[in-house]
Amino acid sequence: MPQQIQTGELQAALAGFRGEISWAEPLCRHTSIRVGGPADVFVVPADLEDLRRVLRVSAQYGVAVLPLGGSNLIVRDGGIRGVVVRLSHFQDMTVQGSGLYAGAGVAMPRLAQAAMQAGLAGLEFSCGIPGTLGGAIAMNAGTRDGEMADIIESVTIMDARGDIRECPRSVLQFGYRYSCLPPGIILGARLKLDPAPRAEIEARMARSLTHRRKTQPLHLPNAGSIFKNPPGRSAGALIERLGLKGLRVGDAELSAQHANFIVNRGRATARDILELIRRIQETVREHAGIELELEVRVVGEDG
Ligand code: EPU
């Protein structure tokens, strides 16, 4: 946090905030791989007005704001200087014809379930993806069966002044696990889906889930896929072929079940995970001549 801003000053500026707020909140409590140092300020806004207050105060004091999904993310051990926002209360879902509006805090598995209940197809691919809608849009999450960009009709964003804008798909850019969105916080999105028999949707979802449960180490803390798949290749298969499964740095372990997953065996630190990532990248570079790019986002300061 910049020198000029004191905790008391920020607390006073946020007077009237009705959501949850904590100071020096350990982010290991909020990331799926269970690592990460403290956030100076951690807020869970109760509603739009609360979020607007946080964004305006942060802009006024020049404090960075990071929205946290937390599932495809590694927060370094020194934590985050600034304000971390979690949109856990942004959970609204509304079916509109063959579309669905959902808030950024909705968990992807819940979203897919709601679409299926409404007889709307198009989200089945997302059953293999952890995290929230906001996070999934920000990184254009996907599998071989589809990606978020395929179904987004518009994304609603609040900017630093607290103004809200609905951005149609035509002005948004997406690439492989990449998005270029106007600056601000994603509040939610309108998704374009297709009416289909519920049983068919349910069967496709069940196939995705079975595949995921069979192939991924979901019983241990993890951050989803660590690397992007290189063009035409599978990162997991590539890493497995080099015999790296089970490689360990401290309590960070390259999963024996899926070689594109790192699991936290207990007390792993972000430093352990990043060192393990570095060793995997080095081995793949030396033996396969391929530069593995990170899919997970790495944020925060070294511990
Ligand atoms: N494979 C191996 N060894 C391994 C892992 C995989 O040989 O250790 C092989 C598999 O046998 C398969 C191929 O690699 O032939 C692809 O594996 P998988 O079906 O597990 O898919 P993936 O490309 O590794 C993607 C998403 C996952 C999503 C699954 C659902 C990416 C980078 N990852 O994984 O998304 O759950 O599909 O099928 O596209 C995430 O993004 O965080 C995530 C979990």
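All but one of (1) in a helix (DSSP H, G or I); (2) farther than 24 Å from Ile129 by Cα hold for Leu238; which doesn't?
(2)
It is to be established whether one or more residues within region 189-202 are more than 12 Å from the ligand (Cβ to nearest atom), under 19 Å from the mean Cα position of the chain (by Cα) and of a type outside the set (D, E, K, R).
Yes: one or more hits.
Can you confirm whether region 149-164 contains a residue that is assigned to a loop (DSSP other than H, G, I, E, B), buried (at least 21 other Cβ atoms within 10 Å of the Cβ) and more than 17 Å from the chain's Cα centre (by Cα)?
Among the residues of region 149-164, at least one is assigned to a loop (DSSP other than H, G, I, E, B), buried (at least 21 other Cβ atoms within 10 Å of the Cβ) and more than 17 Å from the chain's Cα centre (by Cα), which makes the answer yes.
For region 69-80, give me the residue count where each residue is at pLDDT below 95 and within 25 Å of Arg18 (Cβ to Cβ). Quick ask: steps written out before the conclusion?
Taking region 69-80 first, the residues at pLDDT below 95 are 69-72.
Adding the requirement that they be within 25 Å of Arg18 (Cβ to Cβ) leaves 69-70.
Matching residues across region 69-80 total 2.
Residues checked against (1) touching a residue at least 60 places away in the same chain (Cβ under 8 Å); (2) away from the ligand (no atom under 13 Å from the Cβ); (3) assigned to a loop (DSSP other than H, G, I, E, B):
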position	(1), (2), (3)
Ser208	yes, no, no
Arg213	no, no, no
Asn229	no, no, yes
Gly266	no, yes, yes
Thr283	no, yes, no
Ile290	yes, yes, yes
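Quick check on region 215-227: of everything there that is near the ligand (Cβ under 9 Å from one of its atoms) and over 26 Å from Val65 (Cα atoms), which residue is surrounded by the most Cβ atoms within 10 Å (Cβ to Cβ)?
Gln216
Looking at Ser22, Ser58, which is the one that is among the hydroxyl-bearing types (Ser, Thr, Tyr), buried (at least 20 other Cβ atoms within 10 Å of the Cβ) and under 22 Å from Gly8 (Cβ atoms)?
Working: Ser22 fails: buried (at least 20 other Cβ atoms within 10 Å of the Cβ).
Checking each option against the conditions leaves just Ser58.
In region 85-143, which residues are at positive phi and without any contact (Cβ under 8 Å) to a residue 24 or more places away in the chain?
Gly97
Quick check: is even one residue across region 167-188 among the basic types (Lys, Arg) and farther than 30 Å from Arg233 by Cα?
Within region 167-188, none of the residues are among the basic types (Lys, Arg) and farther than 30 Å from Arg233 by Cα.
Which of (1) out of contact with any helix residue (DSSP H, G or I) (no Cβ under 7 Å at 6 or more places or on another chain); (2) under 26 Å from Thr283 (Cβ atoms) does Leu172 not meet, given it meets every other one?
(2)
Looking at (1) more than 16 Å from the ligand (Cβ to nearest atom); (2) hydroxyl-bearing (Ser, Thr, Tyr); (3) within 30 Å of Met116 (Cβ to Cβ), which is the only condition Ser22 fails?
(3)
Please identify the pairs in which a residue from region 7-19 that is under 14 Å from Val84 (Cβ atoms) has its Cβ atom under 9 Å from the Cβ atom of a residue that is acidic (Asp, Glu) and assigned to a helix (DSSP H, G or I), counting only partners at least 6 apart or on another chain.
Close Cβ pairs (under 9 Å, with a partner that is acidic (Asp, Glu) and assigned to a helix (DSSP H, G or I)) amount to Gly19/Asp50.
Which of the residues belonging to region 268-281 are away from the ligand (no atom under 16 Å from the Cβ) and surrounded by fewer than 21 Cβ atoms within 10 Å (Cβ to Cβ)?
Going residue by residue through region 268-281, those that are away from the ligand (no atom under 16 Å from the Cβ) are 268-272, 274-275, 278-279.
The answer is Thr269, Arg271, Leu274, Glu275, Arg278, Arg279.
List every residue pair whose Cβ atoms lie under 8 Å apart, where the two residues are 6 or more positions apart in sequence or sit on different chains, the first residue falls within region 243-264 and is within 19 Å of His211 (Cβ to Cβ) and within 11 Å of the ligand (Cβ to nearest atom), and the second residue, located anywhere, is outside any loop (DSSP other than H, G, I, E, B) and among the acidic types (Asp, Glu).
Ala259/Glu240
Restricting attention to region 136-148, and to residues there that are part of a strand (DSSP E or B) and not hydroxyl-bearing (Ser, Thr, Tyr), which single residue is farthest from Gly122 (Cα to Cα)?
Gly142
Do we find that Gly62 is within 16 Å of the ligand (Cβ to nearest atom) and of a type in the set (Gly, Ala, Ser) in this structure?
Judged against the criteria, Gly62 is not a match.
Would you tally the residues in region 91-121 being closer than 16 Å to Glu153 by Cβ and within 16 Å of the ligand (Cβ to nearest atom)?
1
The values are calculated or read from the model by the stated rules, or taken from the named source; none is laboratory data. No experiment lies behind these values; they were computed from the predicted model shown. All Cβ positions, glycine included, derive from the backbone under ideal geometry; neighbour counts span all protein chains shown.
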